[in-house]
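What follows is a short report on a single structure.
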Amino acid sequence: MYYCEFQCLYVKNNHQLKIKGRDMMNIPMINLKAQYRKTKKDIMKNLTEILSEQRLILGKYCRLLEESISAYVGVPEAISCANGTDALILSLMALGIKEGDEVITTPYTFFATASSIALVGGRPVFVDVKEKDLNIDPELISRAITKKTKAIIIVHLFGRLCDMDEILKISKAHNIPVVEDMAQALGSGNANGKAGSFGDIAALSFYPTKNLGGIGEGGMVLTKRHDLGKKVRKLRVHGMGDTTYHHEMIGMNSRLDEIKAAALVAKFPFLEEWNRKRIDNAIFYNTNLKDLPLVLPEIPDDGSHIFHHYVVRTEKRDGLQSFLKEKGIQTGIYYPIPLHLQECFRYLGYRDGSFPISERAAKESLAIPVYPELKKTEKDYIVRMIRGYFKEHGL
Ligand SMILES: *Cc1c(COP(=O)(O)O)cnc(C)c1O
């Protein structure tokens, strides 16, 4: 017995020493187990009820979730669906985007923002982002508009609200609808409203790592336009109207399961607290890293950035990332390849140099853990290791 304990202790210490010294910590990019511990009781209660009732599809919890999110964001229509990508596709279908239509968007985003355009037959037209917050540049949207432009998809990247005043001005002037990709921005907002309430229609994701993450895939379409809401409700169930097996349009099968909706209903009351903690973590990092040769994200004081990701920028990105990995700190690169340089979008004719700000951001951006459950000791450790990297390199 003693021998076994000794062995384990020895192996553990040896491992720690070899990999990184006495006080190494292991910090993931996101800690879903910690989140589960906090919400487990409520989730299990709802799941038990659903399983005993066997009301599995489009029941009370989908309705509850739709009502909660629609009230929270401040739009009358909220339609749950299978995932955030489908929410984008359903939004574009409801707007009638079809073969040959151009849709303007950013190349510096998750793939689904642009693939959804191509999947409904449209043509993604990329314009570059702004240096300041890596969100789409409204000035460039104006210049990209043609007779074929039928929609604009803006992305509140990393949880930071886009310049909605400017974007809505352009949308009105040209009568082109705006789709908000708010997959990373539930709860972000300013004095004029919350993300998801500005444009014609918005797509939300409940992928487990998002700020409100489910126990599987999930998504939602939000809109203040009843005409679009009505259409999306049909499109998510094969285009069926009120009469079963009568199809007014060709829709998808994209529903949210009750068990997933029920878990989200249990987690939703914590969203504000979690977002607040993300902002507090961002403030902590900005305060403690400000003298380093790093570009830090701006923290607006109106709540218009909820830090789905906390992203710093440095030319030494790859070096910093491997250093932190050795120290047990997981980081992420969002996104390593801007969409205009993806192989599948080569047919669009863009090249290296088409969008310099996005391309540089792809080489310099590094997301460090900012999840709400981070402990003070972990944040201290992350700051100490980042400072250690620059010290070691004489920077
Ligand atoms: C996650 C995400 C999506 C897609 O959501 P899924 O639920 O994974 O399909 C779309 N756009 C952005 C910006 C995202 O971060």
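The values are calculated or read from the model by the stated rules, or taken from the named source; none is laboratory data. Here the structure is a predicted model, which means the values were calculated and not measured. We place every Cβ from the backbone using ideal geometry, glycine too, and count neighbours over all the protein chains shown. What goes into the accessible areas is simple: the full protein's heavy atoms, side chains included, and nothing from ligands, DNA or RNA. Shrake-Rupley method; radii C 1.70, N 1.55, O 1.52, S 1.80 Å.
Find the Cα radius of gyration of region 107-162, compare it with 2.2 N^0.38 Å by division, and give the number to two decimals.
The value comes to 1.12.
³J(HN,Hα) across region 67-80 via Karplus (A = 6.51, B = -1.76, C = 1.60, θ = phi - 60°), whole Hz, x for Gly/Pro?
5, 4, 6, 5, 5, 5, 7, x, 10, x, 10, 9, 10, 6
Scanning the chain for trypsin sites (Lys or Arg not before Pro) in DSSP loops with at most 12 other Cβ atoms within 10 Å, what's the longest stretch left with none?
Of all site-free stretches, the longest is 149-289.
Can you give the local net charge around Glu373? Use residues other than it whose beta-carbon is closer than 10 angstrom to its beta-carbon, Lys and Arg +1, Asp and Glu -1.
Net charge in that neighbourhood comes out at +4.
Would you compute, from DSSP H runs of 4+ residues alone, the mean residue ellipticity of the chain at 222 nm, taking -39500 (n - 2.57) per run and dividing by the full residue count, rounded to the nearest 500?
Calculated mean residue ellipticity at 222 nm is -13500 deg cm²/dmol.
If you roll a 1.4 angstrom probe over the protein chains with everything in place, what fraction of the accessible area of the chain belongs to carbon and sulfur, to the nearest %?
Heavy-atom surface of the chain belonging to carbon and sulfur, 1.4 Å probe: 54 percent.
So how far apart, in nm, are the two label points at Asp242 and Lys147 if each is 7 Å from Cα heading toward Cβ?
Distance between the two pseudo-spin positions: 4.1 nm.
Set the Förster radius R0 to 41 Å, insert the Cβ-Cβ distance between Lys230 and Lys132 as r into 1/(1 + (r/R0)^6), and round the FRET efficiency to 0.05. Can you show the working numbers first?
Working: r = 38 Å, r/R0 = 0.93.
After rounding to 0.05, the efficiency reads 0.60.
Can you list the aspartates and glutamates whose alpha carbon is less than 18 Å from that of Lys38, not counting same-chain residues fewer than 8 positions off?
Of all the aspartates and glutamates, those that pass the test against Lys38 - Cα under 18 Å, at least 8 places apart if same chain - are Glu272, Glu273, Glu373.
Too long at a 25 Å Cα-Cα cut-off: which of Lys132/Lys267; Lys194/Lys267; Lys130/Lys325; Lys41/Lys210; Lys98/Lys230?
Distance filter (> 25 Å) returns Lys132/Lys267; Lys130/Lys325.
What FRET efficiency comes out for the pair Thr39/Glu99, r = Cβ-Cβ distance, R0 = 35 Å, nearest 0.05?
In this case the efficiency is close to 0.20.
Calculate log10 I(q)/I(0) of the chain for q = 0.06 Å⁻¹, where I(q) comes from the Debye formula with a single equal point scatterer on each Cα and nothing for solvent.
These q points yield log10 I(q)/I(0) values of -0.26.
Measuring from label point to label point, each 7 Å out along Cα→Cβ, what is the Glu166 to Met24 span in nm?
Simple spin-label model gives 4.5 nm for this pair.
Name the GluC sites (Glu not before Pro) in region 97-140 that are in a loop by DSSP and that have at most 12 other C-beta atoms within 10 Å, would you? Write down the numbers at each step before the final one.
Numbers: sites: Glu99, Glu102, Glu131, Glu139; in loops: Glu99, Glu131.
Counting only loop positions with at most 12 other Cβ atoms within 10 Å, the GluC sites (Glu not before Pro) in region 97-140 are Glu99.
How many percent of the alpha carbon pairs in region 285-395 exceed a separation of 25 Å? Can you show the working numbers first?
Numbers: 1768 of 6105 pairs.
Beyond 25 Å sits 29 percent of the P(r) for region 285-395.
In degrees, nearest 10, range 0 to 90: what is the angle between the Cα axis of helix 271-289 and the longest Cα principal axis of the chain?
For 271-289 against the chain, the angle is about 50 degrees.
On a 0 to 90 degree scale, rounded to 10, what angle separates helix 2-20 from the longest Cα axis of the chain?
70 degrees
Please list Ser70, Ser116, Ser142 from largest to smallest accessible area, probe radius 1.4 Å, with all protein chains kept in place.
My answer, sorted largest first, is Ser142, Ser70, Ser116.
Roll a 1.4 Å probe over the protein chains and send me the accessible area per residue for region 157-204 in Å².
Using a 1.4 Å probe on heavy atoms only, each residue of region 157-204 averages 31 Å².
Averaged over all directions, how much area does the convex hull of the C-alpha atoms of region 252-305 cover when projected, in nm²?
Mean shadow area of the hull around the Cα atoms is 6.4 nm².
Can you list the GluC sites (Glu not before Pro) in region 183-261 that are in a DSSP coil and have 11 or fewer other beta carbons within 10 angstrom?
Values: sites: Glu217, Glu248, Glu258; in loops: Glu217, Glu248.
Here no loop site has a sparse enough neighbourhood.
Give me the Kirkwood hydrodynamic radius of region 219-294, using the inverse of the mean 1/r over all pairs of distinct Cα atoms, in Å to one decimal.
16.2 Å
Compute the acute angle (0 to 90°) between the alpha-carbon long axis of helix 376-392 and the principal axis of greatest extent of the alpha-carbon atoms of the chain; round to the nearest 10°.
70 degrees
What list of ³J(HN,Hα) couplings, whole Hz, do you get for region 95-102 from phi and the Karplus terms 6.51, -1.76, 1.60, once you set θ to phi - 60° and write x for glycine and proline?
7, x, 5, 9, 2, x, 6, 9
For region 227-234, just list the computed ³J(HN,Hα) in residue order, Karplus coefficients 6.51, -1.76 and 1.60, θ = phi - 60°, integers in Hz, with x standing in for Gly and Pro.
My calculation for region 227-234 gives 4, 6, x, 4, 5, 5, 4, 6 Hz in order.
Report the extension gain between Gln54 and Lys290 in nm, rounded to one decimal, defined as 0.36 nm multiplied by the number of residues separating them, less their alpha carbon distance. If you can, show how the numbers build up before the last one.
Working: separation 236, 0.36 × 236 = 84.96 nm, distance 5.40 nm.
Gain on stretching Gln54 to Lys290: 79.6 nm.
Would you kindly state the longest site-free stretch of the chain, with sites defined as chymotrypsin sites (Phe, Trp or Tyr not before Pro) in a DSSP loop (not H, G, I, E, B) surrounded by at most 16 other Cβ atoms within 10 Å? Each step should come with its number before you reach the end.
Details: sites that count: Phe111, Tyr245.
Of all site-free stretches, the longest is 246-395.
Can you give me the Cα centroid spacing of region 309-355 and region 221-277 in angstrom?
Result: 32 Å between the Cα centres.
Note the full-extension length gain between Leu64 and Asn175 as 0.36 nm times their separation in residues minus their Cα-Cα distance, in nm to one decimal.
Values: separation 111, 0.36 × 111 = 39.96 nm, distance 3.38 nm.
Result: 36.6 nm gained on full extension.
If r is the Cβ-Cβ distance from Leu32 to Lys391 and R0 is 30 Å, what FRET efficiency results, to the nearest 0.05?
Approximately 0.35, to the nearest 0.05.
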